[in-house]
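Each value in this text was obtained by applying a stated rule to the coordinates, not by laboratory testing. This is a predicted model, so every value here is computed, not measured. Cβ atoms come from the backbone with ideal geometry, glycine included; neighbour counts cover every protein chain shown.
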Amino acid sequence: MTAVKAVNHIGIAVRSIEAQRPFYEGSLGAVFEGVEVVPDQKVRVGFFRVGDVRLELLEPTDPTSTVAAFLDKRGEGLHHVAFAVEGIEARIAELKRSGVRMIDEVPRPSAHHTRIAFVHPKSSFGVLTELCEPIAPYRPEGD
């Protein structure tokens, strides 16, 4: 089994990025990097840098999004942990061969110029786990 490279980011479901921004910047000292809309996932993503790890605040843009459903069921809080990988297609195939259930059987484009695939939480002991592979360097655009 090929090891993941690092924790890429931690996803946190929120009702409002702007309402939580003062906590992450002021109380924790996280560096705000900007907001990106991901239309196919129906979310706005607020990026904050903490050392080598990024926090992604996920705000739904549509009540039918999976993040909106998560918020309705569980409220605001930890949504997923993302791990950086190389060769995401090969990693998905490797995980499937070992019996891991995938939500995404092929990678899809996502925020920060990445391709992602989610492992089903039933295969990762209740933790929604994301595989994440950069496709280009990210250049923050600001607010």
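List of remarks:
- Theoretical FRET efficiency, 1/(1+(r/R0)^6), r = Cβ-Cβ of Phe23 and Ile103, R0 30 Å, to 0.05: 0.55
- Segment 12-78: trypsin sites (Lys or Arg not before Pro) falling in loop per DSSP and having at most 15 other Cβ within 10 Å: Arg15
- Cα gyration tensor shape for the chain, rounded if a/c is under 1.5, else prolate or oblate: prolate
- Where labels lie 7 Å past Cα in the beta-carbon direction, separation of Val38 and Asp52 in nm: 2.3
- Taking 0.36 nm per residue of sequence separation and removing the Cα-Cα distance, the Lys73/Lys5 pair yields an extension gain of 21.3 nm.
- Given the chain, longest segment not containing exposed loop GluC sites (Glu not before Pro) (DSSP; at most 14 other Cβ within 10 Å): 1-85
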